[in-house]
Every structure is written in C-alpha cells, then in structure tokens.
Amino acid sequence: MTVGFKTLDDIGDIRGKRVLVRVDLNVPMAEGKVTDATRIERVGPTIAELADKGAKVILLAHFGRPKGEPKAEFSLEPVAKATAGVLGRAVGFAGDCVGEKAAAAVAAMQDGDVLLLENTRFHKGEEKNDPDFVKALAANGDIYVNDAFSAAHRAHASTEGLAHVLPAYAGRTMQAELEALEKGLGSPAKPVVAIVGGAKVSTKIDLLSNLVRKVDALVIGGGMANTFLAARGTEVGKSLAEHDLAQTARQIMIAAAEAGCAVILPVDGVVAREFKAGAANETVAIDAVPQDAMILDAGEKSVETINQWIDRAATLVWNGPLGAFEIEPFDRATVAAARHAAERTSEGKLISVAGGGDTVAALNHAGAADDFTYVSTAGGAFLEWMEGKPLPGVEVLKR
C-alpha cells in the first residue's frame, strides 16, 4: 500500500455502489479508431477489480481540447468501443457526463457494469473546477477513484474537485505510479543518478534546479548539453544551443557543486554537417567540434562514463534522450545507455524510473522499456513531479 494515500485496499464493500473513476483515455486516434491502447490497458486492472467486486463503474475522462464546447471530433464514443475490446467486457456509453443523459445511463446500470460518460471537457466547468459542475458530476457517484496520474497536475473538476465532495481513493495505476515515484526521488535508495536530455534547457530549468539538490549525479545530454558546454566556454559549432541561457546553465552548475551533485557532460560527440538519417558523421573530442558541424549524439567515451555512473547508482531517474535518437545513427548513445540501465535493473542492481513522451519513445526504440522498474506515460505530470511541484490530483488523495 502507498504510504500516505488512500487506495482501493481502504475502500471496503463496494457492491452496488456507484464508483466514479477518473481515467486517462486521451489516446491517439486515426479515422475514428484508437491506434495505441496503452493508456486503456493501464487502467484496465482498476476497472476490472471494481467491476468484479460488484461496483457500478462509471468512467470519467477527457479527450483532446474542445475548450468547453461539445464537438463531434472529440467524442469519447469510439473510445468506449476500444475500451470494451481491451477489457473484454461490455462498456456502455452516455452522451453527456452530467445531466439527464448521464443520470439515465447510470440509473440503468447493474452491479458490475461499466459505463463511460462523454468528454468532461465538453463543459467549461471542468477546467475551471467549478463547484456547481463538481456537484453535477458527484450526483452520479457514491465514491471517487482517481486512476489518471497523467492528469493529476491539473486542478480540474474531475481530477481534483470531486475528491473534496466524495470519499476519494487512488486507483491501481495511480498507486503504482506514486509508489514508483517515491522510490525514484521521494525516499530513494542511494546513490541516485538522474539522466536528463532533450533539446532545450529552457523547458527544464525548474527540473534541473530541483534535481541538483536531490541526486548524487546529474547526466545532461541531448541539445541541452550543448548549452552547458557553451556556457563553460566550449565551442559547439553549429549545434543546437541556447546561448542566451549561459548564465542560467552556470548557476545550475554552481548550485550542483554547492549541493555535492556531480554534473556529467559529454566528453566526445558524434558530429555531422547535415541533420538527416545516414548523414556522414565522425566522433570528435568535445573541445574539437568543427565550426561547420553540429553535435547530434554523445560519443562512445561519454557513454562509457554514463554507464559507469549507472553502475554506481542504486536508483536511476531518466527524462529525455542523449541525442537525436529518432534519426540513425544518432540514436546509439541513448540505446546503449538505456540497454545498460535495463540490464542492471534486470539483475536486481538498480531501481530505474523513467518518464516523458520522448523518453518513453526512446526506451521503446532501444527495446529497454519493459526491463525498467517503472516507465511513466504521464508526460506533464511526471515532469512537474520531477520539478518538485505538488500535484493537485495527488495532494487531495492524501490521508
């Protein structure tokens, strides 16, 4: 059980109870069909457990950005069919999440039934966390379960407001996420190493500033590393770099030194004159980057250093690739480090927690995701957690 949070283990007898379950069904769609059911699969265990115990399971979710207006292209109806396919059980659908349509559909439910209500964001009160809209949602439930960590950084009616008016619990996916994050940065096994990559420092200033106070070593890769190298006086040629953030980068390095956190930057890089697959490339020392070239990946010596830090670590937190992993051969550093971390995890020598859109894609590309301790698909919520910010949808579930 997650310490400090109410979970399904605390819920008691729920037979015949109407359980409002906030889930993340904001899934990729093409031509009216779900193209990636990962998020549906993640919430499957919570839905199945509640239904099997005789609850009337009423699913609340958003889809896209309809901005408070009902729009056919943002309807959850096609998602209800996909959810039924994943669960292997019938999933009803109501054309609204409040009002007569929702009430009638809920009233018709039998114990163990599953019902998906229409997009909560079809109402302006959802994103405003309007008390009247919260009451309208709550009218259809006796208990509230939040299983959408990915939306927990939003204080919306269905992610935060409902927990104030109904008995509230974390679902199994939310529980697993919270337990993994606690192992990652809350009370981790030491030493802790963080790998942070990606294109820009500007999007991760809060993240880096928080991590240097919490981890023993911070590995910086991707385009972000170029900004730190340039701030240190290293010529990076035509590489992507935010030169206007040089002072910010230096401040982060100073803060790291004061906190006793080692900052690991590339010592060599794979450079090319063109940003395209199969472009002619060479590996050079990081202080020997040609003026007409750009760094597109970390070199072998850098990967060796990163892997040595992974070997020392008891806990690894990863967000962002080490290079332009989408384009071969500039995926090599990310793949090599990811596979090394996965191997250490499989051997029981490392707790590895990763998250963020590009990170998930990179780990899947490396074939390493399944061997990590936990891979979060939460995106923004995962980043805000790494930044040390309280998440409204999580805070409200505390005991």
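For the reader, a short list of remarks on this structure follows.
- Measuring between alpha carbons in the structure, the pairs from LYS67/LYS128; LYS33/LYS56; LYS183/LYS301; LYS183/LYS389; LYS33/LYS53; LYS33/LYS81 lying more than 19 angstrom apart are LYS33/LYS56; LYS183/LYS301; LYS33/LYS53.
- For ALA262, residues with placed amide H under 5 Å, excluding near neighbours: ALA217, LEU218
- Dimensionless Rg/Rh of region 209-258 - Kirkwood Rh, Rg from C-alpha atoms: 0.98
- ³J(HN,Hα) computed for each position of region 280-294 - Karplus, 6.51 cos²θ - 1.76 cosθ + 1.60, integer Hz, glycine/proline x: 4, 8, 8, 9, 10, 4, 5, 9, 10, 6, x, 5, 9, 10, 10
- Of LYS6/LYS200; LYS135/LYS200; LYS204/LYS238, those spanning more than 30 Å from alpha-carbon to alpha-carbon: LYS6/LYS200; LYS135/LYS200
- Counting only Cβ charges, +1 for Lys and Arg and -1 for Asp and Glu, the dipole size of the chain around its Cα centre is about 740 debye.
- For region 101-219, the equivalent ellipsoid built from the Cα gyration tensor has semi-axes of 37, 17, 12 Å, listed from largest to smallest.
- Carbon/sulfur fraction of accessible area - region 192-268, other protein chains in place, 1.4 Å, %: 50
- Distant-in-sequence amide contacts of ALA293, defined by a placed amide H-H separation under 5 Å and a gap of 5 or more residues or a different chain, comprise LYS238.
- Rounded percent of accessible protein surface that carbon and sulfur make up, region 311-399, 1.4 Å probe: 46
- Remark: the chain is approximated by an ellipsoid whose semi-axes, taken from the C-alpha gyration tensor as √(5λ), come to 43, 21, 19 Å, largest first.
- Per residue solvent-accessible surface (Å²) - the chain, probe of 1.4 Å: 41
- Remark: spin-label model distance ALA314-SER209 equals 3.0 nm, labels positioned 7 Å along the Cα→Cβ axis.
- Convex hull projection area averaged over all views, region 268-399, Cα basis, nm²: 9.6
- Amide hydrogen proximity for ALA241: with H placed 1.01 Å from N in the peptide plane, no residue at 5 or more positions away or on another chain lies under 5 Å.
- Qualifying GluC sites (Glu not before Pro) in region 338-399, where qualification requires a DSSP coil assignment and no more than 10 other C-beta atoms within 10 Å, comprise GLU347.
The values are calculated or read from the model by the stated rules, or taken from the named source; none is laboratory data. Nothing here was measured: the structure is a model prediction, and the numbers come from that model. So basically every Cβ, Gly included, is an ideal-geometry build from the backbone, and we count neighbours across all protein chains shown. Areas reflect the complete protein model, heavy atoms only, side chains present, ligands, DNA and RNA absent. Shrake-Rupley method; radii C 1.70, N 1.55, O 1.52, S 1.80 Å.
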